[in-house]
Amino acid sequence: MQARISIFGRRLALAVATIAAAAAHGEINLLGTCPAEDSSAGMRIVWHSDSPSCELSCGPAGKKAMPIKSAKTKTPVEYSGRTEYWQYKAELRGLKPGTQYAYTVREPGGASVSRTFRTAARDGAFDFLWMGDVHSTPKSPDKIKSVERLLAHAEAAAAKRGGLSFVLFTGEAVKHGQTYSCWKEWDRCRATREYMMAMVPGNKEYYRDEGKKRWHDKWFASARNNPENGAPELAGTYWFLYGGVLFAGLDTLAKEGREMDEETRKSADKLQLAWLGQVVKSQKGRYRHLVVFQHYPYFKKSGPCSYGGYDFWREAFDRLGVDFALSGDEHAYVRTPPLRGGEKADAGTVYAVCPEIDSHMREPRLASGEGAVAVHDENSSSYGACLFSVDRNGMTMHYISPDGKICDSVCVKPKRRR
């Protein structure tokens with residue numbers, strides 16, 4: 001009897017130890033690449049893990065990877081479905097421009113996950129894909145298939161110019177920012193695994209899982225590792241340089257956040273306006289084009305929308321020389337000609353709205369616009385993405401349909417910047 005108890009005790013201890021090991025060495029989630037201020041020589045990495053002892057290694061693709069130091073924080077914010085985890089962040093520096101890199105995160109228990117990214121080339125020629133409004137959720141897995149279908153079209157179009165460099169995303173990647181399973185669904189996407197992803201939050205990143213309430217940017221911030229150079233107290237704002245283009249991300253949701261600092265909420269737009277001017281001034285001489293991206297649009301089909309704030313931003317955009325002002329939320333493609341002071345002007349700003357990406361991808365029916373709008377989706381029910389080609393002659397935006405057709409294009413030449 002004593003022997004049987006002893007055997008049972010050893011088995012019980014082994015089972016407990018196995019469970020403890022599994023808890024300590026769980027899966028790696030939300031591993032992805034974010035831009036660095038100078039994305040020709042750096043990148044930023046983020047991931048979540050059950051383990052407090054993850055190891056990161058990185059190197060040029062096909063060559064030896066070197067260990068990289070990372071910082072970790074225990075559960076910076078609780079998600080619905082994920083109340084304990086370690087958030088890891090790392091900043092890679094001294095990278096070689098125009099190079100494909102691969103990196104791997106390993107846990108002590110043996111689990112490992114790998115990703116890739118490309119640094120900006122010094123010659124300033126590159127292609128990037130602009131997408132938005134996926135609303136990923138495990139209940140609709142075909143949405144990720146739609147993303148990857150458009151990604152494949154963009155890759156094919158960019159192949160003859162050296163390939164796709166990164167993906168820009170103007171919000172609503174997930175259906176509920178607080179729901180961890182939505183972020184894990186987004187993590188399945190090849191766009192997040194093989195490319196640097198530059199994102200700003202949309203209203204759904206602010207949502208709690210129990211209702212469509214705009215609440216806070218803390219879930220978005222925990223899932224990303226964007227440069228810490230944004231407007232005060234606004235985690236969704238930041239800037240970065242890529243191949244001679246200055247990108248500035250704005251957060252149009254902050255003033256509607258329910259749990260954010262009251263002063264930040266009230267002055268969010270003014271804080272960002274002042275910040276944008278400071279960024280442009282500080283980066284003078286380092287860029288040829290300026291792109292501002294946010295979630296809420298500046299225009300509807302026939303004029304300024306109530307929450308887009310074209311009248312608020314246009315004087316600053318004219319003065320600062322913004323080339324493209326990109327947005328989402330309307331779920332349909334809309335584009336203006338270059339505008340300055342509300343009128344067409346060769347040296348103005350192109351305002352554009354990214355179409356939605358859903359599981360039932362239909363071809364667009366584009367029509368002429370009204371007022372300041374040049375082109376819009378006639379039935380507001382088509383889907384697609386936009387491919388940008390950048391070189392020393394200018395920036396060209398192409399609207400790609402679900403079947404890979406180029407439906408609309410617009411080019412902006414470099415401005416004379418003082």
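Which residue out of 343, 363 is surrounded by fewer than 14 Cβ atoms within 10 Å (Cβ to Cβ) and within 28 Å of residue 152 (Cβ to Cβ)? Break it down into steps so the answer makes sense when it comes.
Numbers: 343 fails: within 28 Å of residue 152 (Cβ to Cβ).
After ruling out the rest, the residue left standing is 363.
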A careful count of residues in segment 161-201 that are over 17 Å from residue 44 (Cβ atoms) and acidic (Asp, Glu) gives 2
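Residues checked against (1) closer than 30 Å to residue 243 by Cβ; (2) aromatic (Phe, Trp, Tyr); (3) modelled with pLDDT under 95:
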| site | (1), (2), (3) |
| --- | --- |
| 37 | yes, no, no |
| 66 | yes, no, no |
| 76 | no, no, no |
| 88 | yes, yes, no |
| 103 | yes, yes, no |
For residue 319, the lone unmet condition from (1) within 21 Å of the chain's Cα centre (by Cα); (2) surrounded by fewer than 16 Cβ atoms within 10 Å (Cβ to Cβ); (3) at pLDDT 95 or above is (1)
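When segment 64-75 is examined, which residues are found to be exposed (fewer than 13 other Cβ atoms within 10 Å of the Cβ) and part of a loop (DSSP other than H, G, I, E, B)?
Once the filter is applied, which keeps residues that are exposed (fewer than 13 other Cβ atoms within 10 Å of the Cβ) and part of a loop (DSSP other than H, G, I, E, B), segment 64-75 yields 64, 69.
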request  = Evaluate the following for residue 231: is it assigned to a loop (DSSP other than H, G, I, E, B) and buried (at least 23 other Cβ atoms within 10 Å of the Cβ)?
outcome  = yes
Residues of segment 376-386 being at pLDDT 85 or above and over 15 Å from residue 325 (Cα atoms), in sequence order, are 384, 385
Within segment 386-413, the count of residues that are touching an Asp or Glu at 6+ places or on another chain (Cβ under 9 Å) and surrounded by fewer than 16 Cβ atoms within 10 Å (Cβ to Cβ) comes to 5
Those residues of segment 75-105 which are out of contact with any helix residue (DSSP H, G or I) (no Cβ under 8 Å at 6 or more places or on another chain) and closer than 29 Å to residue 178 by Cβ amount to 75, 78, 83, 84, 85, 86, 88, 89, 90, 91, 103, 105
With the first residue restricted to segment 66-91 and required to be touching a residue at least 40 places away in the same chain (Cβ under 8 Å), and the second required to be part of a strand (DSSP E or B) and aromatic (Phe, Trp, Tyr), Cβ contacts under 8 Å at 6 or more apart or on different chains are 87/47; 88/47
Any hit, segment 259-274, residues being assigned to a helix (DSSP H, G or I) and in contact with a Pro (Cβ under 9 Å, 6 or more places away or on another chain):
yes
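Within segment 258-268, identify whether any single residue is touching a Phe, Trp or Tyr at 6+ places or on another chain (Cβ under 9 Å), more than 23 Å from residue 377 (Cβ to Cβ) and surrounded by fewer than 18 Cβ atoms within 10 Å (Cβ to Cβ), and answer yes or no.
At the first step, the residues of segment 258-268 found to be touching a Phe, Trp or Tyr at 6+ places or on another chain (Cβ under 9 Å) are 258-260.
So of that shortlist, the ones also more than 23 Å from residue 377 (Cβ to Cβ) come out as 258-260.
From what is left, the residues that are surrounded by fewer than 18 Cβ atoms within 10 Å (Cβ to Cβ) are 258-259.
Within segment 258-268 (the criterion being touching a Phe, Trp or Tyr at 6+ places or on another chain (Cβ under 9 Å), more than 23 Å from residue 377 (Cβ to Cβ) and surrounded by fewer than 18 Cβ atoms within 10 Å (Cβ to Cβ)), the answer is yes, since at least one residue qualifies.
The values are calculated or read from the model by the stated rules, or taken from the named source; none is laboratory data. These numbers come from a predicted model, not from an experiment. All Cβ positions, glycine included, derive from the backbone under ideal geometry; neighbour counts span all protein chains shown.
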